[in-house]
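Student: Attaching a single structure in structure tokens format; questions to follow.
The values are calculated or read from the model by the stated rules, or taken from the named source; none is laboratory data. Please read these numbers as outputs of a predicted model, since none were measured by experiment. Here the Cβ positions follow ideal geometry from the backbone for every residue, glycine too, while neighbour counts run over all protein chains shown.
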Amino acid sequence: MNTKFSEALNNSSRIAIFSHAEPDADALCSAFALKNIIYNNYDYKFVDVFVDGEIGELYSPIIRNEILNPRPYSNYDVAFVLDCPNVERIGEKGLDVIKDIPFVINIDHHETNVKFGDLNIVSPKVSSTCELIYILSQVQNLELNNLIAKQLYQGIITDTGCFTSLTTTSRTYRVVSELMKYKFDPNAIKEYYFKNNSMAKTKLLSMALSSMKFYKGELFTTMKIPYNAFEKSGASFEDTMGIVDNGININGTAITAMIIEKKPGFLYCSLRSKGLVNVGDIAKEFGGGGSETVGAFQIEGNIDSLEKKLVEIVLPKLQNVEQVDEIFF
């Protein structure tokens, strides 16, 4: 893997980086961090970053001073696809660019990744693609700088929910500790993403919590955010970040699903688990992906019908689960 990765970088002059459509912070930050790592360590290379779909205002600090979705070259030597369990997640515009690129490197942390690349660097044991990019940079002896460290930190802290996700490991803390040796303000980033709720987001949270339903006791919980909730609250899709954790944080809940109607008839579902059922596998049934404890997918349909379908799928998986053990420390 190390040899192929090095050869791909050393022998290429034009590089395209893709991440998943409708990106989150990990998708954007891993893409730009990789681009900046290449520029920081190699001369005479051209790198373009492509991300399909809308980018919310929440992530505007990430894309500030970065070039995104330029007019593509007629040919690239290598493509990096980041944070995507399958290549289709880069979206139609990305697929049109990548189809003629001769070598694809797939870098991802989702357990449901289908290994679509010519080189697959996939590890579900890391918290985020940004953590994996950091590990790769160390293995390859690639130098970071303050900007790269800041970008990687943002991806890690958001994908772990400020280190509350079960995907957070001792290695994650070690990586973050190394990143914090660079010059940026980690506390400001933490405040921005986790202690900066607008009144609109607070209203949206209230609506989501009021929609909560419980199944098999409280083992499975669901929340729904219909499209008109955004209109009523004045919130945006980015304001849904972290709301799903209110379900999985309930003592006794094993799985939580939050269904969001991003546009009329277009649904996004976020899944969380305490590890008793693999929610990445559930998301995969709907064309998405994830890991044992985190999953997501997008689908067209009716919000109530999807909730009913999830109940039909999840409850049999909880058949032999009587309760979630209390946590002691």
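Student: Exactly one of these conditions fails for residue 287: (1) in a helix (DSSP H, G or I); (2) over 25 Å from residue 60 (Cα atoms). Give me its number.
Tutor: Evaluating residue 287 over (1) in a helix (DSSP H, G or I); (2) over 25 Å from residue 60 (Cα atoms) leaves (1) as the failure.
Student: Could you list, in sequence order, all residues of region 106-162 that are assigned to a loop (DSSP other than H, G, I, E, B) and farther than 22 Å from residue 278 by Cβ?
Tutor: Quick first cut of region 106-162, residues assigned to a loop (DSSP other than H, G, I, E, B) only: 109-118, 123-128, 140-145, 160-162.
Of everything in region 106-162, those that are assigned to a loop (DSSP other than H, G, I, E, B) and farther than 22 Å from residue 278 by Cβ turn out to be 117, 118, 140, 141, 142, 143, 144, 145, 162.
Student: Filter region 105-123 for residues that are under 16 Å from the mean Cα position of the chain (by Cα) and within 15 Å of residue 280 (Cα to Cα) and give the result.
Tutor: Those that are under 16 Å from the mean Cα position of the chain (by Cα) and within 15 Å of residue 280 (Cα to Cα): 108, 109, 110, 111, 112, 113, 122, 123.
Student: Which condition from (1) of a type in the set (Ser, Thr, Tyr); (2) surrounded by fewer than 19 Cβ atoms within 10 Å (Cβ to Cβ); (3) assigned by TED's automatic domain parsing to the domain that holds residue 60; (4) touching a residue at least 40 places away in the same chain (Cβ under 8 Å) is the one that residue 158 breaks?
Tutor: The failed condition is (2).
Student: Restricting attention to region 181-197, which residues are farther than 13 Å from residue 242 by Cβ and among the hydroxyl-bearing types (Ser, Thr, Tyr)?
Tutor: First pass over region 181-197, keeping only residues farther than 13 Å from residue 242 by Cβ: 181-189, 191.
Listed by number, the list holds a single entry, 182.
Student: Mind listing just one residue for me: the one in region 55-97 that is among the β-branched types (Val, Ile, Thr) and touching a residue at least 40 places away in the same chain (Cβ under 8 Å) and, of those, farthest from residue 115 (Cα to Cα)? Walk me through it before giving the result.
Tutor: If we filter region 55-97 for residues that are among the β-branched types (Val, Ile, Thr), which is where we start, we get 55, 62-63, 67, 78, 81, 87, 90, 97.
Checking the rest, the ones that are also touching a residue at least 40 places away in the same chain (Cβ under 8 Å) come to 62, 78, 81, 90, 97.
Working: 62: 28, 78: 16, 81: 11, 90: 15, 97: 19 Å.
Among those residues, the one meeting the criterion is 62.
Student: Which of the residues spanning region 50-77 are farther than 15 Å from residue 17 by Cβ and of a type in the set (S, T, N, Q)?
Tutor: Residues satisfying the conditions are 60, 65, 74, 75.
Student: Please work out which residue is surrounded by the fewest Cβ atoms within 10 Å (Cβ to Cβ), limiting yourself to region 47-79 and to residues that are of a type in the set (S, T, N, Q) and closer than 15 Å to residue 100 by Cβ. Working first, answer last.
Tutor: Quick first cut of region 47-79, residues of a type in the set (S, T, N, Q) only: 60, 65, 69, 74-75.
Subsequent filtering for residues that are closer than 15 Å to residue 100 by Cβ retains 74-75.
Details: 74: 6, 75: 10.
The selected residue is 74.
Student: I want to confirm something. Restricting to region 100-133 and keeping residues that are without any contact (Cβ under 8 Å) to a residue 60 or more places away in the chain and among the small types (Gly, Ala, Ser), which single residue is surrounded by the most Cβ atoms within 10 Å (Cβ to Cβ)?
Tutor: It comes out as 127.
Student: Here's something else I'd like to know. Filter region 34-50 down to residues that are of a type in the set (A, V, I, L, M, F, W, C) and either outside the structural domain of residue 150 (by TED's automatic domain parsing) or without any contact (Cβ under 8 Å) to a residue 40 or more places away in the chain (or both) and give me whichever is farthest from residue 192 (Cα to Cα).
Tutor: Here is the first cut: in region 34-50, the ones of a type in the set (A, V, I, L, M, F, W, C) are 34, 37-38, 46-47, 49-50.
Filter once more, so that each one left must be either outside the structural domain of residue 150 (by TED's automatic domain parsing) or without any contact (Cβ under 8 Å) to a residue 40 or more places away in the chain (or both): 38, 46-47, 49.
On the way: 38: 28, 46: 32, 47: 29, 49: 25 Å.
Here the residue is 46.
Student: Report, by residue number, each residue of region 163-181 that is touching a residue at least 24 places away in the same chain (Cβ under 8 Å), crowded, with 16+ Cβ neighbours inside 10 Å and in a helix (DSSP H, G or I).
Tutor: 172, 175, 179
Student: Here is a further query. Would you call residue 249 under 20 Å from the mean Cα position of the chain (by Cα), over 19 Å from residue 302 (Cα atoms) and at pLDDT below 95?
Tutor: Details: under 20 Å from the mean Cα position of the chain (by Cα): yes; over 19 Å from residue 302 (Cα atoms): yes; at pLDDT below 95: yes.
Judged against the criteria, residue 249 is a match.
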